[in-house]
Amino acid sequence: MTITTSEETAARALRALADGSSSVRLRAALAVGTTPDPRFVDALVERSAVEPEFFVRDMLTWALTRHPASLTLPRLLDAVRSPRPQARSQALHTLSKIGDRRAWPAVTRELLTDADDDVARSAWRAAVLLVPEGEESALAVVLSTQLGRGARETQLSLSRALVALGEAMVPSVRAAAAGPDPLVRAHALATELLLRDPDTGFEFAIEQAKRVVALGPAGEAGQ
């Protein structure tokens, strides 16, 4: 149930969300989430798009999850189309925390392949949580086009997303593993290894996959 605060209290909270002190902004986000009010939703989404501190952004996301999805979803779905990368990334992150599958159509191929790594990672996490039953294989096909992309953090995020899809990811990942690009092949092989053995660390998996790729057909036959 939404609790309505007084006009004066709401105004103070909204001002505090933009305060120059990160600790003040953090407390304001906590207060807004503790006492949800429809008047806060726009400000929370707008602040998420520009907030520089991770721990404050995380509290803003929590505050948004405390408000009814009927109020937050429309604003977040607008934000995923923003030209500002942080706005897209944070909106996707918050949608993944809310977990309302009505948001699924907003997780487009464009977002899943976004040039900004933070946006793409947020889209991958949101996608595997929101994907409707029966569409996992189609999602895996799109995600597999990103194999080999970016630094370790990005590659690990993609592997985790693919592994979360389970066996549905295997055909597209194996196809990528048979391709000509050694970086893509290694990432694909490491991802399937993580599916088969979840206790394998990503660094070990990727280094083992690189050795397999370097050895060529003989190495792959030994797998």
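The values are calculated or read from the model by the stated rules, or taken from the named source; none is laboratory data. What you see is a predicted model; the values in this text were computed from it and never measured. Because the Cβ atoms are built from the backbone with ideal geometry, glycine has one as well, and the counts that use them run over all protein chains shown.
Quick check, is ALA168 part of a helix (DSSP H, G or I), over 18 Å from VAL131 (Cβ atoms) and touching a residue at least 24 places away in the same chain (Cβ under 8 Å)?
Judged against the criteria, ALA168 is not a match.
Please pick out the residue among ARG81, ARG102 that is more than 16 Å from the chain's Cα centre (by Cα) and farther than 24 Å from ARG25 by Cβ.
Sole residue among the options that is more than 16 Å from the chain's Cα centre (by Cα) and farther than 24 Å from ARG25 by Cβ: ARG102.
Which of the residues spanning region 169-208 are over 20 Å from LEU139 (Cβ atoms) and among the acidic types (Asp, Glu)?
Answer for region 169-208, where residues must be over 20 Å from LEU139 (Cβ atoms) and among the acidic types (Asp, Glu): ASP181, ASP197, ASP199, GLU203, GLU207.
Take LEU147 and tell me if it is in a helix (DSSP H, G or I), of a type outside the set (D, E, K, R) and without any contact (Cβ under 8 Å) to a residue 60 or more places away in the chain.
It is false that LEU147 is in a helix (DSSP H, G or I), of a type outside the set (D, E, K, R) and without any contact (Cβ under 8 Å) to a residue 60 or more places away in the chain.
Just to confirm my filter: which helices (runs of 4 or more DSSP H) fall fully inside region 33-114 and include at least 3 residues that are closer than 23 Å to GLU133 by Cβ?
Where helices (runs of 4 or more DSSP H) fall fully within region 33-114 and carry at least 3 residues being closer than 23 Å to GLU133 by Cβ, they are 69-79, 85-98, 109-112.
Those residues that are touching a residue at least 24 places away in the same chain (Cβ under 8 Å) and surrounded by fewer than 17 Cβ atoms within 10 Å (Cβ to Cβ), I need them from region 192-201; list them, please.
PRO198 - this is the single residue of region 192-201 that is touching a residue at least 24 places away in the same chain (Cβ under 8 Å) and surrounded by fewer than 17 Cβ atoms within 10 Å (Cβ to Cβ).
Being farther than 17 Å from ALA123 by Cβ and among the charged types (D, E, K, R) is the filter; apply it to region 138-191 and report the residue that is surrounded by the most Cβ atoms within 10 Å (Cβ to Cβ).
ARG185
What about VAL24, is it part of a helix (DSSP H, G or I) and surrounded by 16 or more Cβ atoms within 10 Å (Cβ to Cβ)?
no
Can you name the condition, by its number, that ARG121 falls short on among (1) of a type outside the set (A, V, I, L, M); (2) surrounded by 20 or more Cβ atoms within 10 Å (Cβ to Cβ); (3) more than 23 Å from LEU76 (Cβ to Cβ)?
(3)
Please count how many residues of region 24-83 are within 18 Å of LEU14 (Cβ to Cβ) and either without any contact (Cβ under 8 Å) to a residue 12 or more places away in the chain or of a type in the set (S, T, N, Q) (or both).
Total satisfying the criteria: 8.
Has region 40-50 got at least one residue that is basic (Lys, Arg), farther than 21 Å from ARG84 by Cβ and either touching a Ser or Thr at 6+ places or on another chain (Cβ under 8 Å) or modelled with pLDDT of 95 or more (or both)?
The answer is no; no qualifying residue exists.
Just give me the residues in region 200-223 being at pLDDT 75 or above and part of a loop (DSSP other than H, G, I, E, B), in sequence order.
THR200, GLY201
Could you list, ordered by first residue, the pairs with Cβ atoms under 6 Å in which the first is in region 106-135 and closer than 23 Å to PHE54 by Cα and the second is among the charged types (D, E, K, R) and surrounded by 15 or more Cβ atoms within 10 Å (Cβ to Cβ), at least 6 apart or interchain?
Close Cβ pairs (under 6 Å, with a partner that is among the charged types (D, E, K, R) and surrounded by 15 or more Cβ atoms within 10 Å (Cβ to Cβ)) amount to VAL119/ARG88; ALA120/ASP114.
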